[in-house]
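Visitor: My questions will all concern the structure given below.
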Amino acid sequence: MATLLEKPVTVAKDHYLLKIKADKSGSLPGQFINIKAGEGFDPLLRRPFSIFNAHEDVLDVVIRVIGKGTSLISRMEPGFIDIVGPTGKGFTMENDKNLLLVGGGVGNAPLLYLMRALKENGNRLTYIYCARSSDYIFLEDEYRKYADELIITTDDGSAGIKGFATDVMSHVISDGKFDRVYTCGPDPMMHRVVKLVHENVPVEVSVENYFGCGVGLCVGCTVDTVDGYRRACVDGPVFDGRKILWENMPR
């Protein structure tokens, strides 16, 4: 049983924040929930969203409206909300390390919860936040709470540094020694992040494949890896970035 505590709040262009009170607590950074968009069978499939933050039994979720299902969710009224989760494989935790996080677009969402957990473990965090433009930057102050260094980049230069996240990362990673790198965003960005990281440094990615059932039954979210096909909803969404066969990822 889950409850939407208030109407979704606009936090950036096409992006909304949901606060959901859920009976099942104990979520981990990198996990996701599946939300039923409406009554009946249209839309038929649930929509998966990473957990932006968690406070005891309340889950914060940031969604981006891209179609009918997400549009319906963005207009939900407070009250009962049909969810499955939290579920999925989360990020690897570190203690007292120097860490780099790179987010692109709505892929920044799962990295906030991760930042909070890593900061509580005494890590030093450098965060590269990339968005299409200033209109698409959401909840920047929340990221500043936990980042020792927050670098904003936008494709059009309307906020922060003009350019892509990996453009900035190529300079940052050459100047600093990082013990692990985490990233979430568009596949081409994550692929480039993985290639930029030194081979001795672990790099984890959170894939944004479309999940059908979200519980491993439909096999619609498979990721081709060096270990064979893996289901993103149960074997991920977090993977070792070097094990993914990026050339075989959906375009």
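Visitor: Return the long-range amide H neighbours of ARG124 (sequence gap of 5 or more, or a different chain), with a cut-off of under 5 Å between placed amide H atoms.
Guide: Here LYS97, ASN98, LEU99 satisfy the definition.
Visitor: Starting from the Cα of ASP155, move 7 Å in the Cα-to-Cβ direction to define the label point; list residues of region 90-131 whose amide nitrogen is under 14 Å from there.
Guide: Those under the cut-off are 104-107, 130-131.
Visitor: Round to the nearest 0.05 the FRET efficiency obtained for GLU247 and LEU217 when R0 = 25 Å and r is the Cβ-Cβ distance.
Guide: Computed FRET efficiency for GLU247 and LEU217: 0.40.
Visitor: Rank LEU112, LEU101, LEU72 by mean-square fluctuation in a GNM of the chain with C-alpha springs under 10 angstrom and give only the top-ranked residue.
Guide: LEU72
Visitor: Turning to a different aspect of this structure: What FRET efficiency, computed as 1/(1 + (r/R0)^6) with R0 = 30 Å and r the Cβ-Cβ distance, is obtained for ASP240 and LYS68, rounded to the nearest 0.05? Before the final figure, lay out the partial values.
Guide: Details: r = 34 Å, r/R0 = 1.15.
After rounding, the FRET efficiency stands at 0.30.
Visitor: Mind pulling the angle between the C-alpha long axis of helix 187-196 and the longest principal axis of the chain? Nearest 10 degrees, somewhere in 0 to 90.
Guide: Orientation of helix 187-196: about 30 degrees from the principal axis.
Visitor: Report the net charge of residues surrounding CYS130, where surrounding means a beta-carbon distance below 13 angstrom and charges are Lys +1, Arg +1, Asp -1, Glu -1.
Guide: -1
Visitor: At what distance in nm do the modelled label points of ARG132 and LYS177 sit from each other, each positioned 7 Å from its Cα along Cα→Cβ?
Guide: 4.1 nm
Visitor: Measuring from a point 7 Å past the Cα of ASN98 along Cα-to-C-beta, which residues in region 163-182 have an amide N at less than 14 Å?
Guide: Counting only backbone N, you get 172-181.
Visitor: Please express the shape of region 91-203 as an equivalent ellipsoid: the semi-axes are the square roots of 5 times the eigenvalues of the C-alpha gyration tensor, given largest first in whole angstrom.
Guide: Working through the eigenvalues yields semi-axes of 20, 16, 12 Å.
Visitor: Counting other Cβ atoms within 10 Å, keep those with at most 16, restrict to DSSP loop, and tell me which trypsin sites (Lys or Arg not before Pro) in region 1-33 are left.
Guide: Sites meeting the loop and neighbour criteria: LYS13, LYS24.
Visitor: With a 4.7 Å Cβ cut-off, tell me which Cys residues in the chain come up empty for a partner.
Guide: Isolated Cys, the chain: CYS130, CYS184, CYS221, CYS233.
Visitor: Grab the beta carbon distance between ASP227 and GLU77, set R0 = 35 Å, and tell me the FRET efficiency rounded to 0.05.
Guide: Calculated transfer efficiency: 0.20.
Visitor: Could you work out how much longer the chain between ASP148 and ASN200 gets when fully extended? Use 0.36 nm per residue separation minus the Cα distance between them, nm to one decimal. Numbers along the way, then the final one.
Guide: On the way: separation 52, 0.36 × 52 = 18.72 nm, distance 2.35 nm.
That works out to 16.4 nm of additional length.
No value in this document is a laboratory result; all are computed from the given coordinates. These figures come from a predicted structure and were not determined experimentally. A quick note on method: Cβ atoms are made from the backbone with ideal geometry, for glycine too, and the neighbour counts reach across all protein chains shown.
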